[in-house]
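Beneath this line is the structure, given in structure tokens, with notes to follow.
The values are calculated or read from the model by the stated rules, or taken from the named source; none is laboratory data. Remember, it's a predicted structure, so these values are computed and weren't measured experimentally. Here the Cβ is made from the backbone with ideal geometry for all residues, glycine too, and neighbour counts use every protein chain on show.
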Amino acid sequence: MSRPVTTVGVIYLLHFERPYRHARHYTGWAADLDHRLAEHAAGQGARLLAVVKAAGIAWTLARTWTGTRADERALKRQGGASRRCPTCGVTPLPARRATGPGRRSAR
Ligand SMILES: [Zn+2]
């Protein structure tokens with residue numbers, strides 16, 4: 001729980017098969033996505049996913065980005081997860097800020 005916000009991991013978007021109250025998506029961040037998804041499948045790691053599991057709602061991994069926790073927070077603050085969700089029938093925009101600092105080009 002004390003990882004620095006600058007750690008680069010995976011931001012992921014889960015799409016619920018049907019809405020739970022007003023929620024249809026869950027945006028999260030993980031250093032180890034497979035491990036995290038296994039936790040979520042067991043109803044652990046996030047309150048929303050625990051109640052979604054209890055309600056018998058399945059979810060799928062709709063999309064991932066590479067980024068930090070700060071990027072995840074910025075993404076959540078923007079809202080409108082369904083506009084970023086390919087499973088909702090949207091063609092995703094090219095990843096922008098969420099890909100992190102453009103370190104891949106020249107050194
Ligand atoms: Zn969706």
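Before moving on, here are some points about what is shown:
- Within region 72-107, being surrounded by fewer than 10 Cβ atoms within 10 Å (Cβ to Cβ) and at pLDDT 90 or above holds for one residue alone: 77.
- Residues that are closer than 14 Å to residue 16 by Cβ, loosely packed, with under 15 Cβ neighbours inside 10 Å and among the small types (Gly, Ala, Ser), drawn from region 41-57: 41, 43, 50, 54, 55, 56
- Annotation for region 58-71: at least one member residue is loosely packed, with under 14 Cβ neighbours inside 10 Å, within 15 Å of the ligand (Cβ to nearest atom) and over 13 Å from the mean Cα position of the chain (by Cα).
- Among the residues here, residue 27 qualifies as within 13 Å of the ligand (Cβ to nearest atom), in contact (Cβ under 8 Å) with a residue 40 or more places away in the chain and among the polar types (S, T, N, Q).
- Subset of region 30-72 [touching a residue at least 40 places away in the same chain (Cβ under 8 Å) and of a type in the set (D, E, K, R)]: 63, 69, 71, 72
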